[in-house]
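Bear in mind that the values in this text are calculations on the coordinates, not laboratory data. Everything numeric here is computed off the predicted structure, so don't read it as measured data. Methodologically, a virtual Cβ is constructed for each residue, glycine included, from the backbone with ideal geometry; neighbour enumeration extends over all protein chains shown.
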Amino acid sequence: MASCGVLVLICYFIAAFVAPLLIHYGFLPDPQLGLENPIYSSPSLDHWCGTDRLGRDVCVRTLVGSRVALIVVFVAVTLAVLIGVPLGILSGYLGGFFDRAIVLLMETLYTVPVLLLSIVIAFLLGRGVFNASIALCVVYVPQYFRVVRNQTVQVKTELYIEAARSIGAGPFWVMRKYLLKNVITSVPVLLTLNAADAVLVLGSLGFLGLGLPETIPEWGSDLNMALDAVPIGVWWTALYPGIAMFVLVLALSFVGEGLEDFMNLKNSGEN
Amino acid sequence: MNSFSGDILKIQNLRMCYPTSSKWVLDGFNLNIRAGERLALIGSSGSGKSSVAKALVQILPPGSICKGDIFLAGKDLLRLQNNDLVKLRGELVGLVFQDPMTRLNPLMTIGNHLLDTLQAHESDKSFLYRRNRAEELLLKVGIDPSRFNSFPHQFSGGMRQRIAIALAIAMNPPLIIADEPTSSLDVAVANQIMTELSQLCDELGTSLLLISHDLALAARWCERMAIIQDGKIIEEGPSRDLIDRPLSFLAKRLVDSALAREAKVLSEQPKIKVVLEVDRLRCWHSSGGFPWRPNWIKAVNEISFSVFQGETLGVVGLSGCGKSTLCRALLGLLPIRGGGVKLLGQRLETLNRESVREARKAIQMVFQDPFASMNPKMTALEIIADPLLIHNLATRSQAKERARSLLHQVGLIPAEEFQQRLPHELSGGQQQRVAIARALALNPKVLICDESVSMLDAEIQAEVLSLLSSLQRSFGLAIVFITHDLTVARGFCHRVVVLDNGKIIEQGDSEQLFHSPQSELTKKLIHISPSISSIGKY
């Protein structure tokens, strides 16, 4: 299962890399260009997945959409890890008032539904690739924070932390050399599962007309546009971006589950 | 009383192999135990001694192969049906494990543990009968029946082990197997537990199979011993004879190392330079009470002693006497509430933070549990090099070079073979050697050893102790050796301080203290420490 997931992910990466190049050299039509094409033409040899209501090629848009989806998700999840993990270690290790304040903030963020929070932030920040990433990242920081902080609180009572302090290690040395490697074990799993979730949230933002600017082809906004045409029998504008999103989420989930099994196996092997 | 006579347990040509390996863990194992007899099964780790216990109650992992004959009270175990096997566990054999905490369900009261066992075997009896019987059992192992509804975590290690014993004797089995029952307990509690266990065995006429690595403990409590190596019994006989005249190579080695553990490994050291001076040190924690009048827990109360260069000072006491608090306070891991510590002539309490950190490089510690004291994600080399990097004493490559030479010094040769291993890839003795190397990396003048050998096999204890004393000679180290085991302290320490309730109750030269103890506690400690030299002809 996991290897299937990895394989699919690789396909997406290739599509994300190659599609813009092909468009640049004229092998594929421009995804924004619609005026000379017929509108709502069904899948044919000219347009493999048909065209949408502005006459834009659905196939190219779907391919190019994978690029922006991967970028936004990657940036958002990376940012969330870079913020959540150090904050979690710091808060867990130092404890006291600082810990309580941060935990309160993070738990508050966590109680707000994911979509609601990202809609509000996306609305406040305006459209843009980086802004959309931030809107997603804010949602995921508390998850990493929680996992890492709780792990840290557990690990910091271990004898080897005390031993490190007894040889003169300061708090930052302890966190970097002793805590970090021992608390991030569950992060990779969370990371892939969150990435799957982030693809969906990004799609929802696009569907609601938030997140990315209109000039960037994106699955969510394409789905929104396709909605009007579905009742009159135009199925291709909704189907292909939908399948693209579905398969990407599935692949990421498979990889996540695979990683989890692998980690469990490794841990039980060590004990 | 049990009505069996003759051999309770008869194991003939037992061969056993775990599902994942092709090696026979037990290979041609023979053993007889008579009714009411106490037999000790002795072996180093990995010799298959715990597998014997598992084979006897048939709790081997599925897929294991077990051949041969095991007759327990006349029944052939290997040919029993599953239902009969369930009856067998508890009714014919009781099992007492090493670590009682992990064997008790933390969500069940101890009373329910007993009721559960009784119900499994005597479901026809009334609830009231079972309840009475459970209370009776608690009383028998010395636990107040009013604690019927307490949970396992509310008991100390010794008490938990008593509960485990109560569970084992619940059905009056003719045989009790005790697998290292006392190795996680301190000497005094271990002594109590063993006394009770053997008394109960005598009272009920039960046989005892004691599985242990400790020759002295086994010789003290069992009349007969069997030594196991590579899944075979290689020597068997009355304890006394075996210790006096060991025949096989392994038995000789075990007796030798048990003696080496107690032997004097010290050279007389002129007392020239005081390196560590502790003056009326107090470590109090407040627990509740008013802010202006807190209730103090006086873990360490007005302790004064001094340690000379090249000298070993033993700090002896029962668990909870403040030994561990003392060494944590000396290392600066716990706040000090009065009194002073003078290290190499510098008074630590007058220094600022940074200078204290500098000064503390001269005092390092080796912990009790070597595995827990090392970061599981760091290799041996990184572990040893880390102190140098923390204090910015060397570049990365210099630190590694130094770490390699330290590995060499603590006897992990060739260093190349050990340097890349993670802690779990090292044996217990090797782990403790790495921990010692780490403590030596900063060239300390004082080494604190907090029960540093108590978790190791007797054989390895002797090795580590002789390593420590040779390092002491070559580095001129002062060692503060914290232990509950007076037998070890006697041979290893120049002077001994006895602690009780955070106070020093007796101190003096170890030999003198051993021969003419003054306080009651010291006398008791000497009496209960299992010592092989007091059993055999030595």
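Observations on the model:
- Residues A:173, A:219 in ascending order of nearby Cβ atoms (within 10 Å, fewest first): A:173, A:219.
- In chain B, the DSSP beta bridges split such that about 55 percent are antiparallel, to the nearest 5.
- Taken along its three principal axes, the alpha carbon spread of chain A comes to 75, 41, 34 Å, from the longest extent down to the shortest.
- Relative frequency of Cα-Cα separations exceeding 26 Å in region B:375-507, percent: 26 percent
- Principal axis extents of the Cα atoms in region B:1-156, from largest to smallest and rounded to whole angstrom, are 49, 34, 29.
- Using only Cα coordinates, the Kirkwood hydrodynamic radius of region B:274-529 works out to 19.0 Å.
- Placing unit charges on each Cβ (+1 for Lys and Arg, -1 for Asp and Glu) gives region B:274-529 a dipole about its Cα centre, and among B:327, B:315, B:415 the Cα reaching farthest toward its positive end belongs to B:327.
- Prolate/oblate/rounded call for region B:7-262, Cα gyration tensor, a/c under 1.5 rounded: oblate
- Cut-off under 5 Å, modelled amide H: who pairs with residue B:94 long-range: B:175, B:176, B:177
- Karplus-derived HN-Hα couplings along region B:210-218 (A = 6.51, B = -1.76, C = 1.60, θ = phi - 60°), whole Hz, x at Gly and Pro: 9, 9, 7, 10, 9, 5, 5, 4, 5
- For chain B, Kirkwood radius (reciprocal of mean inverse C-alpha pair distance, Å): 25.4 Å
- Sorted into 10 angstrom bins from 0, the C-alpha pair distances of the protein assembly as shown split as 2, 11, 16, 18, 17, 14, 10, 7, 4, 1, 0 percent.
- Ignoring lysines fewer than eight residues from residue B:523 along the same chain, the ones with Cα atoms less than 21 angstrom from its Cα are B:264, B:323, B:503.
- Sorted by Cβ neighbour density within 10 Å, fewest at the top, the residues B:122, B:354: B:354, B:122
- Taking 16 Å as the straight-line reach from the Cα of residue B:23, the aspartates and glutamates in range (excluding those fewer than 8 positions away in the same chain) are B:230.
- Beta bridge orientation in the protein assembly as shown: antiparallel %, DSSP, nearest 5: 55 percent
- Cα centroid separation - region B:205-241 against region A:1-25, whole Å: 67 Å
- Taking a straight Cα-Cα cut-off under 16 Å and skipping sequence neighbours fewer than 8 places away in the same chain, the lysines within cross-link reach of residue B:361 are B:342, B:445.
- Using a cutoff of 8 angstrom between alpha carbon atoms and counting only pairs six or more residues apart, the relative contact order for chain A works out to 27 percent.
- Calculated P(r) tail over 22 Å for region A:164-271, as whole % of Cα pairs: 55 percent
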